[in-house]
Amino acid sequence: MLPPANARERKQREAKPASPPKPKAAGSQTAADELTAPQVAKQIGADPKAFRRMLRKSGRGIGQGNRYSFAKSEVAKLRKEFAAYEKAEAERKAKAAAAKAATDEKTD
């Protein structure tokens, strides 16, 4: 391991010692059963950036290696979640546009 670059990095290393990765439990998903965020986005017909934005706003944690990972069985549920997210975002944008138009009208 390299020496710490600064005091903050040294404190982080001391506070959280490196631990070896935990082995997967028996019966857990294999890499073939897992999908990445771009793969799921493609399957549900969504833009990958918009899909990740929905994941962040919904509070889903990022998996091991700072990557989202999903089981193939989750795709249908994610499709519904994304559709609801898009609908809510469209409503939010419409409200914001209406509010902006109302304030522009008052100032003119």
Practice item. Sort through Ala32, Ala18, Ala46, Ala25 and tell me the only one that's under 14 Å from Ser73 (Cα atoms) and either modelled with pLDDT under 95 or in a loop (DSSP other than H, G, I, E, B) (or both). Key: Ala32
Practice item. Run Gly61 past the list (1) outside any helix (DSSP H, G or I); (2) surrounded by 10 or more Cβ atoms within 10 Å (Cβ to Cβ); (3) without any contact (Cβ under 8 Å) to a residue 24 or more places away in the chain; (4) of a type in the set (Gly, Ala, Ser) and report the number of the one that doesn't hold. Key: (2)
Point to revise | Condition met for Ala41 (surrounded by 10 or more Cβ atoms within 10 Å (Cβ to Cβ) and modelled with pLDDT of 95 or more) | key: yes
Practice item. State all residues of segment 64-92 that are more than 14 Å from Phe51 (Cα to Cα), in a loop (DSSP other than H, G, I, E, B) and either modelled with pLDDT of 95 or more or among the charged types (D, E, K, R) (or both); if no residue qualifies, say none. Key: none
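The values are calculated or read from the model by the stated rules, or taken from the named source; none is laboratory data. No experiment lies behind these values; they were computed from the predicted model shown. Backbone-built Cβ (ideal geometry, glycine too); neighbour counts: all protein chains shown.
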